1. Quick one: Karplus J couplings for the range 139-155, per residue in order, coefficients 6.51, -1.76, 1.60, θ = phi - 60°, nearest Hz, x for Gly and Pro?
2. Rg/Rh for the range 50-158: what does it come to with C-alpha atoms and Rh from Kirkwood?
3. Once phi is turned into ³J(HN,Hα) by the Karplus curve 6.51 cos²θ - 1.76 cosθ + 1.60 with θ = phi - 60°, what whole-Hz value does each residue of the range 90-100 show in order, with x for glycine and proline?
4. Given labels modelled 7 Å from the Cα in the Cβ direction, how far is it in nm from residue 13 to residue 150?
5. Which residues' amide hydrogens lie under 5 Å from the amide hydrogen of residue 96, considering only partners 5 or more residues apart or on another chain, with H built in the peptide plane?
6. With θ taken as phi - 60° and the coefficients 6.51, -1.76 and 1.60, list the Karplus ³J(HN,Hα) couplings across the range 28-41 in order, rounded to whole Hz; mark glycine and proline as x.
7. Using a 10 angstrom cutoff on alpha carbons, build the Gaussian network for the chain and name the most mobile of 144, 41, 93.
8. Name the residue from 142, 158, 87 whose Cα lies farthest towards the positive end of the charge dipole of the chain, charges +1 on Cβ of Lys and Arg and -1 on Cβ of Asp and Glu.
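Derivation of every value follows stated rules applied to the coordinates shown; laboratory data play no part. In this text, all values refer to a predicted model and were calculated from it rather than measured experimentally. So basically every Cβ, Gly included, is an ideal-geometry build from the backbone, and we count neighbours across all protein chains shown.
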Amino acid sequence: MIAPLQPGSDDPRLILREEELDGGLELILLAEASLWAAVDAALEAETLGLGRSHWRATFLLRRRPGIGVQDLSKLTSLSKQAASRTLADLRKAGLVERGAGDLDGRRRPATLTPEGVAFEHRTAERLRALLARAYRTGGLDGVAGARRILAALAGPRQGIGAARRQT
């Protein structure tokens with residue numbers, strides 16, 4: 001079976017068969033497992049008893065300061081209750097501060113404390129090392145191609161919440 005071409009496709013000669021797409025999905029799942037193993041190892045070294053959802057929230061808060069429960073839920077596919085609980089746990093651990101909502105008390109922006117930034121950085125540095133190795137393997141053209149592919153997979157989630165930091 002041939003996957004239909006999407007409008008605006010860069011190369012109309014690109015024909016992807018089921019086996020090629022399944023191979024890509026398999027690699028995505030294996031890459032995800034590798035990344036989460038690195039996160040888990042970093043979290044085990046922490047004494048805060050926090051999990052993957054907590055690190056994901058701190059990473060997104062560093063990249064998109066001021067997001068709240070609703071945006072965190074949309075970005076991570078956590079339920080609103082789970083996103084709220086995650087932010088509450090981070091606040092209790094002193095890693096996140098919640099601001100006052102501008103129009104609605106339920107829409108309270110969250111930002112990382114200096115301790116939250118340090119927590120996020122300690123975990124993310126392991127992932128950056130894995131990604132840097134992978135990018136080096138792919139070469140200069142591979143980095144741009146990988147970013148285009150990942151951005152296409154992320155789709156409209158990229159526009160959720162406050163503007164991303166480019167640092």
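1. x, 4, 5, x, 4, 5, x, 4, 5, 5, 5, 5, 5, 5, 5, 5, x
2. For the range 50-158, the value is 1.04.
3. Values, residue by residue: 5, 5, 4, 7, x, 9, 9, 10, 10, x, 7 Hz.
4. The answer from the label model is 2.8 nm.
5. It is 91, 113, by chain and number.
6. 4, 5, 5, 5, 4, 4, 5, 5, 5, 4, 5, 4, 4, 4
7. 144
8. With unit charges placed on the Cβ atoms, the residue in question is 87.
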